[in-house]
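Below: one structure, written as structure tokens.
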Amino acid sequence: MSTTFAKPVPTIQTHRIAGTEIHEIILRNRAGARASILSWGAVLRDLQVPLKDGTLRRVVLGYADIADYEANASYLGTVVGRVCNRIAHGRFTLDGKAYQLPVNGDGDVHLHGGVNGFTRRNWTVREAGGDHVVLSLVSADGEEGYPGAVCVTCRYELTEENGLRMEIEGQSDAPTLLNMTNHSYFTLSEGATAAEHFLEVASDLHTPAEPNQIPTGEVLSSAGTPYDFRAERPIGCDYEINFVLRGPRGSARPVARLISPHRDLEMAVITDQPGLLFYTGAGLPEARGPDGQMHGPSLGLCLEAAGFADSVNRPHFPSPVLRPGETYRNICEYRFTAL
């Protein structure tokens, strides 16, 4: 006799941020994994996955107090855009016209889409199921200095393989820039530092940067350098570096493996993007997450799948330009395996 398991149904809670009603959607799968998504900033607030003994482990940093997401200076769990990472001096030229964006980051840079960007906006819940949610956002022409009206969607799915899959799409009515990512901070062992984890990345090259994290424009071999993660090894210290990923842009493939300090949990990163920004969270401020989870310097790390920083000003980098009739896409899955 076969057994049929009912699919989970979504739990939707209501909160308020900055006087706005926002929604929290709780996703589950049959294995017991659980994810919490906020409509504010399309934030991944919480993600818990099962271990071998059936207990759940929290693997992302999130604020205990929903109100902390109003400012969210560390961009915890948010979907950032229109352009993630940095643009030098906030300036670029597109089709012969010069644009000036807000300079909102240290070192004279435009950071993560501007003062509000997509982070401090309430997205619309378009669809919610027990294991998935679809959010959408419209960014008006001229918002944060960008040309064109843009419509973006983000679909989160908690898969039966204990993966959290994100599919981001966007269209514009005029030439513009779009290069988005999810800015979650991961820890595979609560309270452990990023340096205590193990990492492997399918990359032979990296893009070195100035102190303000604007790329120099060089693309260098990682072999024999501190950025050589071609074979799994301990992270060991703090990093903020962009890896040039192997494989063609637009083709989803495994690009990285992160392993917990006690080697009882592994996270695979699967994406169709050309770059992976690796940041070990040295600048994370102290805060508290759900159930007293610790936040602080180097207690979480980012593996952000996207194009490269300042790519609009580097013609040899993958282009962030989106034109009418085209669809921007970013697929990224974080898949967890108990060891």
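The values are calculated or read from the model by the stated rules, or taken from the named source; none is laboratory data. Keep in mind that what you see is a predicted model, and the values were worked out from it rather than measured. As a convention, Cβ positions derive from the backbone with ideal geometry for all residues, glycine included, and neighbour counts pool all protein chains shown. Just so you know, the surface numbers come from the protein's heavy atoms only, side chains and all, with ligands and any DNA or RNA stripped out. Shrake-Rupley method; radii C 1.70, N 1.55, O 1.52, S 1.80 Å.
The distance linking the range 252-301 with the range 172-241 is 11 Å (Cα centroid to Cα centroid, whole angstrom).
The overall shape of the chain, judged from the alpha-carbon gyration tensor, is oblate: a/c is not under 1.5, and a/b is no greater than b/c. Taking square-rooted eigenvalues a ≥ b ≥ c of the alpha carbon gyration tensor, is the range 87-235 rounded, prolate or oblate, where a/c under 1.5 means rounded and, failing that, a/b exceeding b/c means prolate? Oblate, since a/c reaches 1.5 and b/c is not below a/b.
Derived scalar couplings between HN and Hα for the range 237-254 equal 7, 8, 9, 8, 8, 9, 8, 8, 7, 5, x, x, 4, x, 10, 5, 8, x Hz in order, rounded to whole Hz, by the Karplus curve 6.51 cos²θ - 1.76 cosθ + 1.60 (θ = phi - 60°), x for Gly and Pro. Comparing Leu188, Leu322, Leu94 in a Gaussian network model of the chain (Cα springs below 10 Å), the most mobile by mean-square fluctuation is Leu94. Expressed in units of 2.2 N^0.38 Å, where N is the residue count, the Cα radius of gyration of the range 191-325 is 1.11.
Under the simplified labelling scheme, the Leu205-Arg233 pair shows an inter-label distance of 2.1 nm, with each label point 7 Å from Cα along Cα→Cβ. For Glu160 and Asn313, the difference between the fully extended length at 0.36 nm per residue and the C-alpha to C-alpha distance is 51.0 nm. Classified by the C-alpha gyration tensor, the range 296-339 has an oblate form. Its axis ratio a/c, with a ≥ b ≥ c, is 1.5 or above, and a/b does not exceed b/c. Extension gain for the segment Glu240 to Val9, taken as residue separation times 0.36 nm less the Cα-Cα distance, is 79.3 nm to one decimal. Projecting the Cα atoms of Val312, Ala287, Ile270 onto the dipole axis of the range 263-339, where Lys and Arg carry +1 and Asp and Glu carry -1 at the beta carbon, places Val312 farthest toward the positive end. Applying the criteria of a DSSP loop state and at most 10 other Cβ atoms within 10 Å to the trypsin sites (Lys or Arg not before Pro) of the range 120-161 yields no site.
Relative contact order, whole percent, for the chain stands at 18, derived from Cα pairs under 8 Å and 6 or more residues apart.
Quick one: accessible area per residue over the chain, 1.4 Å probe, rounded to a whole number of Å²? All intermediate terms of the calculation are to be shown ahead of the outcome.
Working: 13400 Å² over 339 residues.
Ligands and nucleic acids excluded, the result is 40 Å² per residue.
In the range 121-186, what GluC sites (Glu not before Pro) fall in a loop by DSSP, with at most 14 other Cβ atoms inside 10 Å? If you can, show how the numbers build up before the last one.
Working: sites: Glu127, Glu143, Glu144, Glu157, Glu160, Glu161, Glu167, Glu169; in loops: Glu160, Glu161.
When the GluC sites (Glu not before Pro) of the range 121-186 are filtered for loop state and at most 14 Cβ neighbours within 10 Å, Glu160, Glu161 remain.
Multiplying the residue separation of Glu286 and Ser251 by 0.36 nm and removing their Cα-Cα distance gives an extension gain of 8.8 nm.
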